[in-house]
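One structure is given here, and the rest of the page talks about it.
The values are calculated or read from the model by the stated rules, or taken from the named source; none is laboratory data. Here the structure is a predicted model, which is why all the values come from computation and not from measurement. Positions of Cβ are generated from backbone atoms using ideal geometry, with glycine treated the same way; all protein chains shown enter the neighbour counts.
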Amino acid sequence: MKDTDYTLYLLENGLKISFLGACVSISAFIVKLVYAQPVYAINEKWVGSRWPTSPFNKIHTIRFPCSRKGSLHLTINRLFLRTIFVIFTTAVAMMFPFFNAILGLLGSISFWPLTVYFPISMYIVQAKIQRGSYRWFGLQALGFVCLIVTVVSGIGSVAGMVEFLKKARLFHIEI
């Protein structure tokens, strides 16, 4: 193998690996946004009820002259506490070598009921799909296949945590 062939091989695979890394990062960012919303809502509701007259909860409006919507509404509570939550979870992820396996387990546990079962059940009720029809069986089969995927990914996450715990030391980062 010539040197240029090896360089091209590394370049092609390096681009693929970089692209996959970017996809994983974007996916993790979106998942964090979606699954953290209930935590944010509970926090904002609690702080708002605990200190209703605090300037921390005052809604500030930022106007954008070039935008159709024209403005952004936010509170200092929302800005700072969400930022602190992201910093905290990132620090925890860096300290625990098996944090990704924990996130995988939590994601697999919440995937099926939140993303598949409840939406399919609501659709069946709203669309008034009769029990025993082809459409009903198709939706139930889709839900069952996703349940199997959820169980398998949960088992894989637990196996990953067990594997990491065999060789890992807590709060130790290898660079």
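Descriptive notes on the structure:
- Close contacts from segment 22-42, counting a first residue that is under 18 Å from Ala93 (Cβ atoms) and a second that is polar (S, T, N, Q), with Cβ to Cβ under 7 Å and a gap of 6+ residues or different chains, come to Tyr35/Ser110.
- Candidates Lys69, Lys58, filtered to the one that is among the charged types (D, E, K, R), surrounded by fewer than 15 Cβ atoms within 10 Å (Cβ to Cβ), more than 27 Å from Leu114 (Cα to Cα) and touching a helix residue (DSSP H, G or I) at 6+ places or on another chain (Cβ under 8 Å): Lys58
- Test: Ile109 is part of a loop (DSSP other than H, G, I, E, B), surrounded by 14 or more Cβ atoms within 10 Å (Cβ to Cβ) and at pLDDT 80 or above: no
- Qualifying residue in segment 65-86 (condition: within 20 Å of Ile42 (Cα to Cα), aromatic (Phe, Trp, Tyr) and without any contact (Cβ under 8 Å) to a residue 40 or more places away in the chain): yes
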